[in-house]
Amino acid sequence: MIPNLRVLSLALMLAPCLAAAQSFTANGPFETGHFAPLNGHQRWLRWASEDGGSADLHLQSFASAAYLQAIADPAAWNRSTGGFVRRLGSSYGANIVQNSVHDSLSAAEGTDPRYFSCACSGFFHRSGHALRMTFFTYGRGGRETIDIPQLAGAYGGSMMEAMWWPHHYTALVQGVQTGHIEVGFVGAVHLVQEFSPELKRLLHLRPRTANQAP
């Protein structure tokens, strides 16, 4: 199984936990005429929430550490309990960097860091939208644009993580490779967000209104 499919499978196995977390609830379909961009205060609240104020950081860090433990990467850390603890700490650090880069660049560029569900029906249309929004977002005025902040966060966090891994790992090789995997994980999380209403009904969880989602 190729790395990104491994990440997708892992994220989907964690789907019930992700769906139960408020940060993984999608906003309603995007409407240009009713688009209300985040203000500065809302962006600060989102950043604080992503970096520990909600289940976001903990679930993503655990999933990443579990994946690295499963493939024994870095190999020097072994598959022991101590190795998992090191991987978990490393994942926390990488995710904090990723969230901070994403949110700060998004604020600077005026792009929206939130995920908006598809104004469509059908599994394949909705899945395609979720994966497409891994690379695109909405900018000032509600125009669709390439989501450079999200991609920069994914690769920046991964490259930074490689710097505190064993010495033979480098930011420009293993860091970039891990960035590819992280982008795949972002897409998997978008799939969970897109289908979170169905997952919540399946788990008998109380749905949240669209404007409550981050």
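The values are calculated or read from the model by the stated rules, or taken from the named source; none is laboratory data. Quick caveat, the model's predicted, so the values are computed rather than measured. Cβ: placed from backbone, ideal geometry, glycine included. Neighbour counts: every protein chain shown.
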Return only the number of the condition from (1) touching a Leu at 6+ places or on another chain (Cβ under 8 Å); (2) of a type outside the set (S, T, N, Q); (3) in a helix (DSSP H, G or I) that Val97 does not satisfy.
(1)
Across (1) under 22 Å from His41 (Cα atoms); (2) modelled with pLDDT of 95 or more, Arg114 clears everything bar (2)
Name the residues in the range 139-164 that are in contact with a Ser or Thr (Cβ under 7 Å, 6 or more places away or on another chain) and aromatic (Phe, Trp, Tyr), would you?
Trp164
Within the range 53-68, tally of residues that are touching a residue at least 12 places away in the same chain (Cβ under 8 Å), of a type outside the set (Ser, Thr, Tyr) and out of contact with any Asp or Glu (no Cβ under 8 Å at 6 or more places or on another chain)
8
Out of the residues in the range 111-140 that are in contact (Cβ under 8 Å) with a residue 12 or more places away in the chain and part of a helix (DSSP H, G or I), which is nearest to Ala76 (Cα to Cα)?
Leu131
Identify, please: which residue in the range 142-188 is part of a loop (DSSP other than H, G, I, E, B) and either among the polar types (S, T, N, Q) or within 20 Å of Ser100 (Cβ to Cβ) (or both) and is, among those, modelled with the highest pLDDT?
Asp147
Within the range 23-62, which residues are under 20 Å from Ser117 (Cβ atoms) and of a type in the set (Ser, Thr, Tyr)?
Ser23, Thr25, Thr32, Ser49, Ser54
